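A short write-up of the structure that comes next.
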Amino acid sequence: MKDEILTYLEMCSRQGMSLQRGMCFREPPAHGIVLMSRRPNAPYADDLSLDEQVLFYEGHDIGRTRSTPNPKTIDQPRINANGRPTENGKFASWVDALKAGRVSPAIFRVYEKMRPGIWTDRGLYLLKDYDYPLVNDRRVFKFRLEQAPFDSSDRNESAPTDLKFSRQIPSSIKQHVYKRDKGKCVMCGATDHLHFDHDFPFAKGGASILPENVRILCARHNLSKSANIE
Ligand SMILES: [Zn+2]
């Protein structure tokens, strides 16, 4: 669910796989997974547009091998030594097919790292484009993903049909609120099944997104809150 706060293990168990690679392609209507970070020592240069609707996602290097002891010095390949496409290759080939009008955009659930071991769900994005520019004397993939125009809190991942736009809580506010609320439910102090809650639902004319109207709630308190609204 969008704006959920997850530990690394919760994230893996929810997706049913180890997420060490950080990029995982799946053909739609299934969705793939992208892990991103804008933390100071992040291994890749991921970035978001100011309104956080567009994710600029850097492709990943191949793993270190005896013949490639430093993958950061070579062009990011589309194809592995075994002849199979890398994740970069799968992403790029899907965009090529998209531009040729043969497929619909691939869907990705995006998780952003908040701090070591803590991630937040940014919701669903669509892969729209890529580039393969020279960066520090080698070619790297730069993928463009755009926030999906359907409500990503829909639990039915494979069939997003609700065309309601959902407002994003900006990462800077999440970072601030996570610190302020000390990573706990503000009602009961629980430290698991947490998510960022926007106090005034936009549907009810809620205010713009300020730290004052965002807080951390556990699943139980979130449920009792929706029950009160209805
Ligand atoms: Zn609680």
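What to note about this one:
- First in the stretch 175-195 and without any contact (Cβ under 8 Å) to a residue 24 or more places away in the chain, second anywhere and in a loop (DSSP other than H, G, I, E, B) and within 11 Å of the ligand (Cβ to nearest atom), Cβ under 6 Å, 6 or more apart: Thr191/Lys184
- Scope the stretch 73-95; condition assigned to a loop (DSSP other than H, G, I, E, B) and touching a residue at least 60 places away in the same chain (Cβ under 8 Å); matching residues: Ile74, Asp75, Gln76
- Test: residue in the stretch 107-125 that is under 24 Å from Arg78 (Cβ atoms), outside the structural domain of His193 (by TED's automatic domain parsing), loosely packed, with under 15 Cβ neighbours inside 10 Å and not aromatic (Phe, Trp, Tyr): no
- Filter result (surrounded by fewer than 15 Cβ atoms within 10 Å (Cβ to Cβ), part of a loop (DSSP other than H, G, I, E, B) and in contact with a Lys or Arg (Cβ under 9 Å, 6 or more places away or on another chain)) within the stretch 127-146: Pro133, Asn136
- In the stretch 29-48 there is no residue that is in the same structural domain as Thr120 (by TED's automatic domain parsing), among the acidic types (Asp, Glu) and farther than 25 Å from Trp119 by Cα.
- Residue in the stretch 18-39 that is out of contact with any strand residue (DSSP E or B) (no Cβ under 9 Å at 6 or more places or on another chain) and within 26 Å of Ile216 (Cβ to Cβ) present: no
The values are calculated or read from the model by the stated rules, or taken from the named source; none is laboratory data. These numbers were taken from a predicted model, which means no experiment stands behind them. Neighbour counts are summed over all protein chains in view; Cβ atoms, including those assigned to glycine, are modelled from backbone coordinates with ideal geometry.
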